Amino acid sequence: MIVVDSIASLRALIGDWKRSGQTVGFVPTMGNLHDGHLKLVKRAKSHNDKVIVSIFVNPMQFGANEDLDAYPRTIEEDKAKLIANGADAVFLPSVSDMYPAGLDVQTYVEVPGISDVLCGASRPGHFRGVATVVSKLFNMVQPDDAFFGEKDYQQLQVIRTMVRDLSMAVTVHGVPTEREASGLAMSSRNGYLSAQEKAAASLIYKAMQQMQADIEQGNTDFVAIEKNAIAELEQHGFKNDYIRIVNAQTFMPASPDDSHIVIVVALFMGKTRLIDNLQIKR
């Protein structure tokens, strides 16, 4: 596996690949890789001739009181996992590579509407940071295909909208969420949980499955379904951020006529914010 730590060497490598007629798959990450990330690498390997993974903890998408400094950084372990899973290269940009003039005067990309609700409302500026860094990475890597986990479903839709609106020549692929045996969605932030908290966190998936069952049995009182799930999870120690049933494209509250809806969840277990979702196609 080739380790790339500058934009110039990245562009030289990608140029060599493309001149030889090879397609490039790209997996952007913030590192601390788990099986969910590696699933993206494997999907890219099955789809493209070459696969490059970026590891960059993006300060622009963290709020003032969020966990930027504490976010786990495990570069050597990540490299070993990428080698074992067949990645052809890893790109390790620095903050100065990504934001040479500093964050305060950085040109940014903002996707209106979908960035303003749910996680966008709870974490102001978060999706501006996501859209900006992904746009920059797409410009640097020039991939044919890019692969993102569906666990961050709102993020995935923000990126798809950005690619469409800015006419970017990349195909964005969503890959189903990888879960632990308990049903808990894999996340780098799961490492913040104690054993007791992690056991309780598995109830999120069970609550979403119950919501799905209610909907599929014909219950269209989505607000009541949401309130029941919130009440149930708060009894088990969760602090609610949101539990919503939304249209999969607009992220507006779902209507009974919508054919593709998503249950989206953000909850705190202790100090750890956990997100998940469950898609329902009718």
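Considering only the range 173-181, I want to know if a residue exists there that is of a type in the set (Lys, Arg), closer than 25 Å to residue 226 by Cβ and surrounded by fewer than 19 Cβ atoms within 10 Å (Cβ to Cβ).
To start, the set of residues in the range 173-181 that are of a type in the set (Lys, Arg) comprises 179.
When the remaining residues are screened for being closer than 25 Å to residue 226 by Cβ, the result is 179.
Okay, now just the ones that are also surrounded by fewer than 19 Cβ atoms within 10 Å (Cβ to Cβ), so 179.
Yes - at least one qualifying residue is present in the range 173-181.
Would the range 243-250 turn up any residue that is in contact with a helix residue (DSSP H, G or I) (Cβ under 9 Å, 6 or more places away or on another chain), modelled with pLDDT under 95, over 28 Å from residue 38 (Cβ atoms) and surrounded by 13 or more Cβ atoms within 10 Å (Cβ to Cβ)?
yes
Quick one: which of 115, 122 is surrounded by 14 or more Cβ atoms within 10 Å (Cβ to Cβ) and out of contact with any helix residue (DSSP H, G or I) (no Cβ under 7 Å at 6 or more places or on another chain)? Walk me through how you get there before you give the answer.
Working: 115 fails: out of contact with any helix residue (DSSP H, G or I) (no Cβ under 7 Å at 6 or more places or on another chain).
The unique qualifying residue is 122.
With 185, 146 as the choices, which residue is crowded, with 17+ Cβ neighbours inside 10 Å, small (Gly, Ala, Ser) and closer than 19 Å to residue 251 by Cβ?
Numbers: 146 fails: closer than 19 Å to residue 251 by Cβ.
Result: 185 is the single residue among 185, 146 that is crowded, with 17+ Cβ neighbours inside 10 Å, small (Gly, Ala, Ser) and closer than 19 Å to residue 251 by Cβ.
List the helices (runs of 4 or more DSSP H) inside the range 1-96, counting only whole elements, that have at least 3 residues being buried (at least 19 other Cβ atoms within 10 Å of the Cβ) and more than 19 Å from the chain's Cα centre (by Cα). Please lay out each step first, then the result.
Values: elements: 7-19, 35-47, 75-84.
By residue number, 7-19.
Only one residue in 205, 242 is in the same structural domain as residue 268 (by TED's automatic domain parsing), touching a residue at least 12 places away in the same chain (Cβ under 8 Å), part of a helix (DSSP H, G or I) and of a type in the set (Ser, Thr, Tyr), so which one is that?
On the way: 242 fails: part of a helix (DSSP H, G or I).
Sole residue among the options that is in the same structural domain as residue 268 (by TED's automatic domain parsing), touching a residue at least 12 places away in the same chain (Cβ under 8 Å), part of a helix (DSSP H, G or I) and of a type in the set (Ser, Thr, Tyr): 205.
So, residue 225, is that one of a type in the set (A, V, I, L, M), at pLDDT 95 or above and assigned to a helix (DSSP H, G or I) or not? Explain how you work it out, then say what you get.
Numbers: of a type in the set (A, V, I, L, M): yes; at pLDDT 95 or above: yes; assigned to a helix (DSSP H, G or I): yes.
In short, yes.
Are there any pairs, at least 6 apart or on different chains, whose C-beta atoms fall under 8 Å, with the first in the range 251-277 and over 19 Å from residue 227 (Cβ atoms) and the second aromatic (Phe, Trp, Tyr), and if so, which?
269/238; 270/192; 271/192; 272/192; 274/268
Quick one: count up the residues across the range 265-282 that are in contact with a Cys (Cβ under 9 Å, 6 or more places away or on another chain) and closer than 14 Å to residue 234 by Cα.
Result for the range 265-282: 1.
The values are calculated or read from the model by the stated rules, or taken from the named source; none is laboratory data. Keep in mind the model is a prediction, meaning the values are calculated, not measured. Heads up, the Cβs are rebuilt from the backbone with ideal geometry, glycines too, and the neighbour counts pull from every protein chain shown.
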